[in-house]
Amino acid sequence: MLTLSPAVRVFVVVAPLDMRGSFDSLAGAVRRLGLDPTDGHLYLFLNKRRRIAKAVWFDGSGWCVLAKRLETGSFQLPTFDETVSQVPIDGASFASLLAGIDFTAARRGWFRRLPSRKRIDTDLRA
């Protein structure tokens with residue numbers, strides 16, 4: 001498990017990226033967004049099908065690249081505004097994203113409506 005300092009922010013880049021590159025191409029993609037890749041924050045990129053994720057991070061002494069490919073399914077992003085180029089997420093969301101947890105499904109289906117009180121009372125009388 002990757003443990004990040006609370007000072008490290010995680011940014012998910014919205015636009016898909018060709019995953020053939022490594023350190024320099026990922027840092028260049030961060031620069032094309034108008035950001036500084038050496039600022040100590042982690043930048044996460046996904047491919048078009050969202051089955052491959054790569055993160056680049058400069059820790060002060062060198063570059064770190066984290067890569068993950070899902071065997072089935074795809075990485076599911078939290079909801080975001082379509083006009084932004086990157087979305088900041090917290091460390092827990094980053095860990096959930098890498099674990100393959102679906103953010104959209106986590107909010108549906110957990111609430112089960114109980115039968116109305118009137119219906120229960122009439123069932124007990126019978």
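The values are calculated or read from the model by the stated rules, or taken from the named source; none is laboratory data. All values reported here derive from a predicted model rather than from experimental measurement. For neighbour counting, all protein chains shown are included, and Cβ atoms are generated from backbone atoms with ideal geometry for every residue, glycine included.
Of note:
Condition check ((1) loosely packed, with under 13 Cβ neighbours inside 10 Å; (2) touching a Gly at 6+ places or on another chain (Cβ under 9 Å)) across all residues:
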| residue | (1), (2) |
| --- | --- |
| V12 | no, no |
| A27 | no, no |
| R32 | yes, no |
| L46 | no, no |
| R51 | no, yes |
| G60 | yes, yes |
| E71 | yes, no |
| L77 | no, no |
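- Checking every residue in the range 12-32 against the condition of being touching a residue at least 40 places away in the same chain (Cβ under 8 Å) and polar (S, T, N, Q) gives at least one match.
- From T122, T79, residue being part of a helix (DSSP H, G or I), among the polar types (S, T, N, Q) and at pLDDT below 75: T122
- First in the range 62-76 and touching a residue at least 60 places away in the same chain (Cβ under 8 Å), second anywhere and in a loop (DSSP other than H, G, I, E, B) and loosely packed, with under 14 Cβ neighbours inside 10 Å, Cβ under 8 Å, 6 or more apart: L66/L2
- Selection status of F45, aromatic (F, W, Y) and either within 15 Å of the chain's Cα centre (by Cα) or within 12 Å of Q86 (Cβ to Cβ) (or both): yes
- Checking each residue in the range 79-98 for being surrounded by fewer than 18 Cβ atoms within 10 Å (Cβ to Cβ) and not hydrophobic (A, V, I, L, M, F, W, C) picks out T79, D81, E82, T83, S85, P88, D90, G91, S93, S96.
- Residues that are touching a strand residue (DSSP E or B) at 6+ places or on another chain (Cβ under 8 Å), assigned to a loop (DSSP other than H, G, I, E, B), under 13 Å from V87 (Cβ atoms) and among the aliphatic types (A, V, I, L, M) within the range 1-34 comprise V14, L33, listed in sequence order.
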